1. Give the order of C:237, B:52 when sorted by the count of other beta carbons within 10 angstrom, beginning with the fewest.
2. Express the relative contact order of the range B:3-78 as a whole percentage, based on alpha carbon pairs under 8 Å and six or more residues apart in sequence.
3. Determine, for each peptide in C:258-265, C:157-164, C:229-236, the mean count of other beta carbons within 10 angstrom over its residues, then list the peptides with the highest first.
4. If the elastic network links every pair of Cα atoms under 10 Å, which of A:260, A:251, A:221 fluctuates the most in the Gaussian network model of chain A?
5. To check you understand DSSP bridge types, tell me what percent of the beta bridges within the range B:149-280 (both residues inside) are antiparallel, rounded to 5.
6. Would you mind pulling out the separation of the Cα centroids of the range A:213-268 and the range C:238-300, in Å?
7. Sort the range B:135-293 into rounded, prolate or oblate with this rule: let a ≥ b ≥ c be the square roots of the eigenvalues of the Cα gyration tensor; rounded if a/c is under 1.5, and if a/c is not under 1.5, prolate when a/b is larger than b/c, oblate otherwise.
8. May I ask for the distance between the Cα centers of the range A:98-120 and the range B:12-86, given as a whole number of Å?
């Protein structure tokens, strides 16, 4: 078990390191001076000071080492465009909103996705199944940046149940979470349905039925338990798509989350911000995937983490 | 009046709706099982023996499969006419089933003990702890060593033969009166097969069980059955005690089966397979289904299903050869055809 | 002594017709034919296929159906709704939406298909080499291991994030978008191909072929590739929409193709601001096209996957 865990942690750190380095190299591959492109004509002296402040006149490897050192101390650096706040501050500010949005979306996608998937599988061939599959197809076809304005148009403008945008009350979270969750929900539904169908065709379901236990017990205790396992493997990519989805949703709904800072940073070519938020997101993603993998090996009794048992 | 049979199948007909039409899997099958005896249902793949077993359990895959005619009577009660709820009471408790492939017959994510206890809790309304204790005893009974430890393990920690024992333990958990074993040894090695058959024989004696064993292997039949039912293309062609049928088979299909078995005793004979293939059950023939492959087939065989002819005791065979109007078998043999 | 030959005619020997072999009754079809047959029966998948063909056709002839080009501006005709002169309306610079939509189709579809094809080429090569090399001695195993590690690590990178980063660095444009998309997109295909080859290599029919005397290149071509083909094609039908989606996403962030070149993504992005003012047609058409494309490819890919899956055969 240890051996496996250690190996995975190593892989994880390696991937993180690659991301950090890649991001760093890319950011510094752009020729020229980030301050030169400013429309305000900065006096030469100030520009020199700024460059020194951001270590931009040091050779690249030194900048890299400084960067890594700062990362170890969880310091993502200052923002070029904003004087008052560093990247860490931005992330701290936006974290609450983004986290809430993300977790709500995950919850919606998982709960409803699994539910619809099971229902569709058990009602194969009739309209319930077709309905759920139609929903699933729509979810894949309609990207979040189309879904969001659609939702706003119908549920905030034409039919003013929800506020149009921004953040504040619980009501504000509904439409954005839905827009974000829609795609993942569709995919989970499909996955769960396929998994459930396959499981219900297995011989051990016949054995369970032959015991004379009621159908619901067969479905829940034998069917769902086994069908849900493969869905766990999908959680990793799910979180990934959720993260990129937040950029869209936060921008359209004007939500003050990390995604907004990220998107603004791209627009402003604020490299430390881009760099910092990318590292932040990647870390979360990679650690989450690692945790999910570990959880999966714990849930499925067939998997032996090591050759401990002989 | 004969003592009531434990299980009576009376003119059972089971059909399946498929894309290409309606398949008549079971076409008027009748036989019975008495208390304390082992009856083997023999036939090749597709003859309807498994479907018959499913029908007894009430597990014919719906909605495309259904019983269209006939009755199944268990302990005097017609289970085909019962409500779903009543059927659930019987299933697993009075009649239970042992399945074919032990590698896939067990839930991989549930502990073995729990799988055995599940039926007990449901039918005998005892606590989990009590059921757990019984599960351990059942494991011991089917010959699994160290049952206290094994009861909390998962199926993948057992070998094939052991898993089959667990499946048998599940089948016996609620002390049923009838156990249906559907090809219980087909997926196992020959040596393990022998062990499982011995186990079944022993348990049957100890618990006074009735066993209905489905198989295509005549060796299995000879090993543990008292009586046998030979099925072909959805109908019963011959039935009788294993003694009678093996020593004096009366149906050309049975002759073919016996002849295609390699024999270790006596002289070496040629292995004679039965030519041809079973008929398409989408459009079953109106006469005897074996006629196209039968060396002794007559005009009437093609047109009409034969009635079973009785040969004393419980031995019956459905073949026009036994009709008084048919030429005598000795003449046919003299004319160069073979029986046994 | 003569035997009394009084046999009832019904009991005379049966004159048998040659029993039609059930198996030979149905003509056996080649593998490809079976797959195509099954696919055609799937109405949803066929719908997807028809939509794809229609979209491609319109992307070619669409811009020629109206007298406007995608970039002709007519500031007098800003934001006009659907009319006889402008079948899809106009945008905020008076450009004809119909022409722009189908021109955008060319851009989006081209990006999608080209990126997917590059993914395919790189992925099949890398995955194929890894799969082929595995088990062929120490050197082979080492090569496979290295490639596998590489794939594992790259697979763990958040795809879209990397693409975004690349686009920030490079000048946005059609070519750079394609490069950015294919730079990391091939990993999925490589993984699949390698896995498929490994699986096939172990199967008994390869052993049988070897026993019968076939040598490895023959095995590769006659057995391995046709079986991997299906997986490759299915993956292709899924990477195209994901590339188109990625391009739209990039456009949304301002990193897509630059004006006046328009893709569906940029058109959607431009239109987002006006949902409140009610110029619905500006968002509707590009959004519809994106959705139709995603739908059609996904549904067709699903159908293809089902048709190729031997377990689902009737």
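1. Placing the least packed residue first, the sequence is C:237, B:52.
2. Numbers: 127 pairs, mean separation 34.7, N = 76.
RCO, the range B:3-78: 46 percent.
3. C:157-164, C:258-265, C:229-236
4. Maximum among the listed residues: A:221.
5. 55 percent
6. When both Cα centres are located, 22 Å separates them.
7. Since a/c reaches 1.5 and a/b is larger than b/c, the shape of the range B:135-293 is classed as prolate.
8. Each part's Cα centre sits 43 Å from the other's.
Values quoted throughout were computed directly from the atomic coordinates according to the rules given, and no laboratory measurement underlies them. Note that the structure is predicted; figures quoted are calculated from it, not measured. Neighbour counts are summed over all protein chains in view; Cβ atoms, including those assigned to glycine, are modelled from backbone coordinates with ideal geometry.
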